[in-house]
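Notes to accompany the following structure.
The values are calculated or read from the model by the stated rules, or taken from the named source; none is laboratory data. Nothing here was measured: the structure is a model prediction, and the numbers come from that model. Note: ideal-geometry Cβ built from the backbone for every residue, glycine included; neighbour counts use all protein chains shown.
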């Protein structure tokens, strides 16, 4: 299961906080939630405990379109290609 929560904007960017497993049908839910946000976007991955190949691919796609990915574990950060557990290069 994956919980997606909208948090207060930081640096003018809306934030989605993810908690749980980013797998299967939850990947589509993440895409829909991100699409509903206006302007620059940020996704907090600190609460993600697992991501399957589809989840990792979705995060890479979000990153490539300018979404900030922050708070990822070292392992998840390596899988999605962010440097220090957070991609702050877009903001």
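When 24, 55, 71, 40 are checked against the criterion of being free of Cβ contacts under 8 Å to residues at least 60 places away in the same chain, at positive phi and in contact with a strand residue (DSSP E or B) (Cβ under 7 Å, 6 or more places away or on another chain), 71 stands alone in meeting it. Those residues that are in contact with a helix residue (DSSP H, G or I) (Cβ under 6 Å, 6 or more places away or on another chain) and assigned to a strand (DSSP E or B), I need them from the range 1-28; list them, please. Residues satisfying the conditions are 2, 4, 16, 22. Out of the residues in the range 29-64 meeting the condition of being touching a helix residue (DSSP H, G or I) at 6+ places or on another chain (Cβ under 9 Å) and assigned to a loop (DSSP other than H, G, I, E, B), tell me which one is surrounded by the fewest Cβ atoms within 10 Å (Cβ to Cβ). Across the range 29-64, the extreme among qualifying residues is 52.
Among residues of the range 67-84 being more than 19 Å from residue 53 (Cβ to Cβ) and more than 11 Å from the chain's Cα centre (by Cα), the one that is modelled with the highest pLDDT is 83.
Of the set (1) in contact with a strand residue (DSSP E or B) (Cβ under 6 Å, 6 or more places away or on another chain); (2) modelled with pLDDT of 95 or more, all apply to residue 90 but (2).
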